[in-house]
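So the structure is just underneath, and the comments pick up after that.
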Amino acid sequence: MLIYHLIFENKSVKRDKNIARNILGFYYFWGEIMMEVSSLETKKSNGASKITNEDKSDVQLPIGYKPSADEEFMNPKQIEYFRQKLVRWRAELLDDANQTIANLSTENLHRPDQMDRAQIESNAALDLRTRDRERKLLQKIDSAMRRIEDGSYGYCEDTGEPISLSRLEARPIASLSLHAQELHERMERVHRDD
């Protein structure tokens, strides 16, 4: 009901069809994510940890643990380290999405000054674009979590060779080794130019 009021009964938003479309698109794409945020909040209020996972492993990481090349590649500690990193990153993105919805719901678009209204709408459009990119990032995080579950995390999808720990540390959602990623990007450029 709040979404309907925000989009269709707010005359200033109604006049600007682009903003209305952006807001509708935002709510369409983030509907599932917000249901998950509410379930996380329910778990939190019931005393459960904010970062939960049904298939959480029994591996306990030492405080300050960082994967090293001296260890066996993708041993249980490394897998748990990256799983926790992905879960924390996902929770942060969901919290940001929740905050954006709260901000969009409470923003006052009834400003007498056209410049104020234009600035608010511009900021809202920028927030929506950012959240859309984060929505795509959440899909990649979920894909990485599935790779952890099936045991293929940390290995290149194209070549099957291990992805370097430094690359996984910098980009835990990486599914290609550095060499395979470079080849992939080169091929994209070649086909884009055609």
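The values are calculated or read from the model by the stated rules, or taken from the named source; none is laboratory data. None of these values were measured; they are calculated from a predicted model. All Cβ positions, even for glycine, are placed from backbone atoms using ideal geometry, and neighbour counts span all protein chains on display. Side chains included, ligands, DNA and RNA excluded: accessible areas come from the protein's heavy atoms. Shrake-Rupley method; radii C 1.70, N 1.55, O 1.52, S 1.80 Å.
Quick look at the values:
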| read-out | value |
| --- | --- |
| So residue 153, is it aromatic (Phe, Trp, Tyr), over 30 Å from residue 187 (Cα atoms) and within 19 Å of the chain's Cα centre (by Cα) | no |
| Contacts under 8 angstrom Cβ, first residue in region 78-98 being more than 15 Å from residue 64 (Cα to Cα) and assigned to a helix (DSSP H, G or I), partner open to solvent by 60 Å² or more (accessible area, probe 1.4 Å) and not aromatic (Phe, Trp, Tyr), 6 or more apart | 87/51; 88/51; 91/50; 91/51; 94/36 |
| Residue in region 109-131 that is open to solvent by 80 Å² or more (accessible area, probe 1.4 Å), within 23 Å of the chain's Cα centre (by Cα) and over 22 Å from residue 68 (Cα atoms) present | yes |
| Contacts under 9 angstrom Cβ, first residue in region 162-175 being loosely packed, with under 15 Cβ neighbours inside 10 Å, partner part of a helix (DSSP H, G or I), 6 or more apart | 169/82; 169/85 |
